[in-house]
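Laboratory data are not the source of any read-out in this text; all were calculated from the coordinates shown. This one's a predicted model, so the numbers in the text were calculated from it and none came from an experiment. Quick reminder, even Gly has a Cβ in these numbers, built from the backbone with ideal geometry, and neighbours come from all protein chains shown.
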Amino acid sequence: MLIIQDKLVSDDVVGENFICNLSACKGACCWEGDWGAPLDEAELPVLDAIYDQVKPFLSPAGIAAIEEQGKYVWFEDMESYGTTLIDGGPCAYLTFNEAGVAHCGIEKAWAAGIVEFKKPVSCHLYPIRVEKFESGTEALNYDRWDICSAACELGNKEQVPVYKFLKEAIIRRFGEDFYDELDGAAAFMKGNSAG
């Protein structure tokens, strides 16, 4: 376990390798699982504000789910707000491209320059999950999921640690100083394990 600034970082975040392999998994993390993507409370008003701009990028089923349940839902088991689900399954913000690969409708609106919000930070950070404790401390854990086995294989082949694959997302959520300290700690750990 590493302590970077005031956050706990699992050794797996720096020790395991990962590169999303969408051609293999087709973005299954957008439709598998029991809950929607976790949302920070600060993201809730953002989803409210951008919905009309994002709506044209969503599927009819996603729009129907959001208009029936809301732009986000409280998940009791997760003890957090999360993205709305279609019939308890896929994320309501999920869309598919011509090749059948899942994409985030919010991210499509962002890529088109319509909104400034890229996507929920928990999606951007995946497979890192951030756990918040009552004390205010946060822990960054590597979430192992069998649907990501192709991503692990590709990461191992290319030798790209989880945290390096997620550099942009980590900087977005925690800042550049945090990332630089994490990178330094990872290099130190690697140097020590090699010696």
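Taking the longest Cα principal axis of the chain as reference, the axis of helix 60-69 is set at about 90 degrees. Helix content alone sets the calculated 222 nm mean residue ellipticity of the chain: runs of n ≥ 4 DSSP H residues at -39500 (n - 2.57) each, divided across all residues, give -12000 deg cm²/dmol.
Which net charge results for the neighbourhood of E138, defined as the other residues with beta-carbon distances under 15 angstrom from its beta-carbon, given Lys and Arg at +1 and Asp and Glu at -1? Neighbour charge sum, excluding E138 itself: -3. Highest GNM mean-square fluctuation among G82, G15, G175, for the chain modelled with Cα contacts below 10 Å: G175. Partner lysines whose Cα lies under 17 Å from the Cα of K167, excluding those fewer than 8 positions away in the same chain, are identified as K7, K118, K119. Compared with the alpha-carbon gap, the fully stretched path from W74 to E98 is longer by 5.4 nm at 0.36 nm per residue. Can you give the FRET efficiency to the nearest 0.05 for D40 and E158, using r as the Cβ-Cβ distance and R₀ = 45 Å? Rounded to the nearest 0.05, the efficiency is 0.90.
Peptides 149-161, 118-130 ranked from most to least packed by the mean count of surrounding Cβ atoms within 10 Å: 118-130, 149-161.
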